[in-house]
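Q: Please read through the structure below; I'll follow up with questions.
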Amino acid sequence: MTRPLTLLVALLTAAPAFAQGAPARLAATNDSIFAPLPLPTPNVYRAADGRPGPNYWQNRNDYRIEARLDTVAHEVTGTVRLEYTNNSPEALAFLWFHLEQNLFTPEARGATGAGYRAGSTIQPGQGFRIGNVMAGGRPVTPVVTDTRMRIDLPTPVAANGGKVTVEIPYAFLVPGNRTPRMGRMETAEGTVYAIAQWYPR
């Protein structure tokens, strides 16, 4: 019976010896709690601490949207007319748009990971239906990948204030209940709609 007690005493008396030794040095990695915080090199667009520099710029989006809700078909239809101003120092050859409604298509990567497909009333064919897109007054063919759309412009938008107008007709079915941020619910008084992320942006 004395052996376990002897071992315990030996462990307890040895512990302070480790605590009194030289402190372990932390490895010089980004995981170290005392790692230095490197700041970016300042330039004319941003200071090292993130504040705007003398040549700071932001591009501008001016939307005009016409839309309607069909309460029989549970469908939103509309047209986005966007005037995009390029205030950057370089010409832009293409624009990216978010298509959040495409989360509700059966093949959406986000729907699979979040489990919306099994728990909601998602039907095949939901998501944005994009009509004939115009950019700078000319027809263009958008490239849609999941919840993103790229529009290659007929002519690059000039730097430092160049503008282009993009027109996007669109439609989508409002998804059923148990979908994130939006959907519809049937009640005794009729259908209640919660609408969000309802236009290509």
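Q: Charges only on Cβ, +1 for Lys and Arg, -1 for Asp and Glu: so what's the dipole of the range 34-96 about the Cα centre, in debye to the nearest 20? Could the numbers behind the result be given before it?
A: Values: 6 positive and 7 negative charges, 46 e Å.
That gives a dipole near 220 debye.
Q: Between beta-carbons, use under 14 Å as the cut-off and find the net charge around TYR56, counting Lys and Arg +1, Asp and Glu -1. Don't skip to the end; give the middle numbers.
A: Numbers: positive: ARG46, ARG51, ARG60; negative: ASP49.
With Lys, Arg at +1 and Asp, Glu at -1, the neighbours total +2.
Q: Taking θ = phi - 60°, what integer Hz values does the Karplus form 6.51 cos²θ - 1.76 cosθ + 1.60 yield along the range 162-173, in sequence order, with x for Gly and Pro?
A: x, 10, 9, 10, 10, 10, 10, x, 8, 7, 7, 7
Q: Using θ = phi - 60° and the Karplus relation 6.51 cos²θ - 1.76 cosθ + 1.60, list the HN-Hα couplings for the range 130-145 in order, rounded to whole Hz, with x at every Gly or Pro.
A: Listing the rounded values in order: 9, x, 6, 8, 10, 9, x, x, 10, x, 9, 10, x, 10, 9, 10 Hz.
Q: Output wanted: per-residue J couplings in Hz (rounded whole) for the range 146-158, from phi through Karplus 6.51 cos²θ - 1.76 cosθ + 1.60, θ = phi - 60°, x for Gly and Pro.
A: Per residue, the Karplus-derived 3J(HN,Hα) values read 6, 9, 10, 9, 10, 10, 7, 7, x, 9, x, 6, 4 Hz.
Q: Okay, moving on. At R0 = 25 Å, how high is the FRET efficiency between TYR193 and GLU83 if r is their beta carbon distance? Nearest 0.05 is fine. Can you show the working numbers first?
A: Details: r = 29 Å, r/R0 = 1.16.
Calculated transfer efficiency: 0.30.
Q: Something else: What does the charge count around ARG148 come to, taking other residues whose C-beta lies under 12 Å from its C-beta (Lys +1, Arg +1, Asp -1, Glu -1)?
A: On the way: positive: ARG109, ARG150, ARG201; negative: GLU100, ASP146.
Around ARG148, the charge tally is +1.
Each value in this text was obtained by applying a stated rule to the coordinates, not by laboratory testing. Computed from a predicted model, the values in this text were never measured in an experiment. So basically every Cβ, Gly included, is an ideal-geometry build from the backbone, and we count neighbours across all protein chains shown.
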